[in-house]
Structures are given as structure tokens and as C-alpha cells.
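Asks: One structure, as C-alpha cells, below. Some questions next.
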Amino acid sequence: MSEKPLISTRDLSVHYPLRGGLIGPKPVVRAVESVSVDITRGSFFGLVGESGSGKTTFGRALLRAAPITRGSIKYDDGEVNYDLTTIDDKQLKDYRSRAQLIFQDPYAALSPRMTVRDIIAEPLQVMGLTKTREETDARVREIAAKCRLNLEHLRRFPHAFSGGQRQRISIARALVSAPQFVVADESVAALDVSIQADVLNLLKSIQQEMGLTFLFISHDLSVVAHICDHVAVMYLGRLVETAPTRELFAAPRHPYTKALLSAIPSLDPDARGTAQKLEGEIPSPTNPPPGCKFNTRCPFAIDICRKDEPKLESSGSEHNVACHRWRELAETEVPA
């Protein structure tokens, strides 16, 4: 795997202004705030966090489907090099074929009025990637086979398929334009557990076969552990920890990461009931607390946590954490 990043962000922020009163500043939703990350070419990069942490907004920003308030996003696949904050319309159209999205809900993502063939072919036609129907059909059949769909499936409508089959159709539609970068936003969350492993294994095999780079967004750390090479943990629009998957699960540094990991269900009866309970709700992104954004729910917060916001700093090879107390907490046993 090449160590060169395919896509990089520096101090990326996405804010959504809200309607306010006539007096005073208008409130702003700070969905993503000052995020800097490198997604290595050919990797399966995981992004985890609770609902409302900004994961989906970050993924949409990388696809230029969300407004970029501040910072930069650079994309370099060796053939083109784009700055997504200054990209023009022609370059953006080209980028759309190189960066695609797999939606969360396979039931809502597919038009019930179109056949599977037409659904998969639509990106080719909209982007003008094929010139004849024969060429389009050949591309559709090729990607359908990779996604374990046969010719009979292509003639049917989405209502005839199960959730797992529909998600394979969604994957085929995303991959038919031969992208380099794919954002999979909770792409197995709506599926039965028995089907999830099959779809995850399909994504992994296609990634290796086509040399794709994935941003895999999920709230389920057990799924992330199964498929991702590197993981970033997001809380209230900010990254609190990033590390290779094995290292993150073996030695988490941030209290929020530890709480998420402790909540993974275990088959060990002695380990049950030991999850760290997070008190309270995630704060509003319109009025985040000062200092560390996790301080209102962190059992280890002290005065400095409530005043100064910690920056991501290295705690080892490729392992970064944003916590004022991570060193002393690493030296002591964290109570369950």
C-alpha cells in the first residue's frame, strides 16, 4: 500500500448558519470544526462517533456535497490533483466520477420506478462516461458481476430484492464510474446482522480488486474493527483520537474512545455490565462548551479541560490523541 494520501484535509470546518433574531449574532451549527486528517491511498479508513458527532457532514464535505466554511481539502490520485475548496465546475464534474457515496438506507436510495439496470447505468449517462448503449450495458454487467448480481437481477425493480441485495445494487451504482475514493456512510447499519458480514466482505474484496480508498463511517466499532485499517474518533465535530485499528483497540488513549470501546457487547459473561456509562447528552453544536468539548461528560475532567481545548498530539507511531490528561490516565488503571 502506498503511503501517499489520496485525500487530505487541513483545519476543515463546516458551519451552517441558522435563522436568528433581529438583534445579536445569528447562531451557527458547527458541524465540523478544524479537522486535519490524511486518508492513505488504498486504505479502508474508519470514522466513528455517536450520532450528531459530525461524521456524515465530514464525509459529505469530502465529496463537495457540504459547504466548506474554512480550511482545505486536497485530492491527488496521481492523475489529477484538485484543491476542492477552489475547484471549478469542469473539475468538479470530473471529481464526481472519481469520488462516490454509498448511502445508508438501501430502501430509500433506489428509485422504485427504475429497473436495476437503469439504476446502475444512470451515473454513466449523467456523467457522459459512455457513448453508446452497448458500452453502457457492458460496464453495467461488469460491475454487477463484481457485486454478485446476475443478468436476471438487472431486469427487475428494487421492490423484488431483500435489503442485502438492494445494498449490493447501491454499491454497484457507486462503483460503475470506476471511482478512486468511496464514502460508505453507515452502509450496513440498516441491514440484519446476518447480512452485514456478507456486505462487508464484499466491500473489502472489491476494494482490494479495484484498488479503492474507502472512508467508512459508522457508529459500530465492532464493524470498524472487522474492516478498517485506520480509525479516527470524532466528537462534536472534532477528532479526539486517530490510530491504526489494532493499536486503537489495544490501547485507546482518549476517555471517549475508551467509553465507546467498553460499550461493545461481549460474549464473556464476566465482562458484561462493565461498560463505562457516559452521563448526559452530546452538547449542541450551536453552543459547544469551552475547553475540551468532551469535558461535560468526562469523569476525568479538571479545570484545564474546561478552559483550554486540547490539540491532537502524537502518543506513538501514527497514534494521535486530543486530551490534556492522556499520559497520566495511561499510567493508571481506568475504573470501569
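Asks: Only one of these is of a type in the set (A, V, I, L, M, F, W, C), touching a strand residue (DSSP E or B) at 6+ places or on another chain (Cβ under 7 Å), part of a helix (DSSP H, G or I) and closer than 22 Å to residue 55 by Cβ: 217, 171. Name it.
Replies: Working: 217 fails: part of a helix (DSSP H, G or I).
None of the other options fit; the residue is 171.
Asks: Taking residue 242 and the conditions (1) modelled with pLDDT of 95 or more; (2) out of contact with any helix residue (DSSP H, G or I) (no Cβ under 9 Å at 6 or more places or on another chain), which numbered condition does it fall short on, given that it satisfies the others?
Replies: Just one mismatch for residue 242, condition (2).
Asks: Another question, if that's okay. Just one of (1) more than 15 Å from residue 103 (Cβ to Cβ); (2) part of a loop (DSSP other than H, G, I, E, B); (3) of a type in the set (A, V, I, L, M, F, W, C) trips up residue 206, so point out which.
Replies: Unmet for residue 206, out of (1) more than 15 Å from residue 103 (Cβ to Cβ); (2) part of a loop (DSSP other than H, G, I, E, B); (3) of a type in the set (A, V, I, L, M, F, W, C): (2).
Asks: Residue under question is residue 184, and the condition is that it be crowded, with 22+ Cβ neighbours inside 10 Å, within 20 Å of residue 110 (Cα to Cα) and among the hydrophobic types (A, V, I, L, M, F, W, C); does it hold? Working first, answer last.
Replies: Numbers: crowded, with 22+ Cβ neighbours inside 10 Å: yes; within 20 Å of residue 110 (Cα to Cα): yes; among the hydrophobic types (A, V, I, L, M, F, W, C): yes.
Against the criterion (crowded, with 22+ Cβ neighbours inside 10 Å, within 20 Å of residue 110 (Cα to Cα) and among the hydrophobic types (A, V, I, L, M, F, W, C)), residue 184 qualifies.
Asks: Considering only the range 287-311, how many residues are over 19 Å from residue 259 (Cα atoms) and not charged (D, E, K, R)? Before you say what the answer is, go through the steps one by one.
Replies: We begin by selecting, within the range 287-311, every residue over 19 Å from residue 259 (Cα atoms); these are 287-291, 303-304, 306-309, 311.
With not charged (D, E, K, R) added as a condition, the list becomes 287-291, 304.
Matching residues across the range 287-311 total 6.
Asks: A follow-up question, please. Taking residue 86 as meeting all but one of (1) surrounded by 22 or more Cβ atoms within 10 Å (Cβ to Cβ); (2) modelled with pLDDT under 95, write down the number of the exception.
Replies: Failed condition: (1).
Asks: Now for a separate question. When residue 196 is evaluated against the numbered criteria (1) of a type outside the set (Asp, Glu); (2) in a loop (DSSP other than H, G, I, E, B); (3) buried (at least 20 other Cβ atoms within 10 Å of the Cβ), which criterion, by number, is the only one it fails?
Replies: It fails just one condition, (2).
The values are calculated or read from the model by the stated rules, or taken from the named source; none is laboratory data. Since the model is a prediction, treat every value here as computed from it, not as a measurement. Ideal geometry is used to build each Cβ from the backbone, glycine not excepted, and the neighbour counts take in all protein chains shown.
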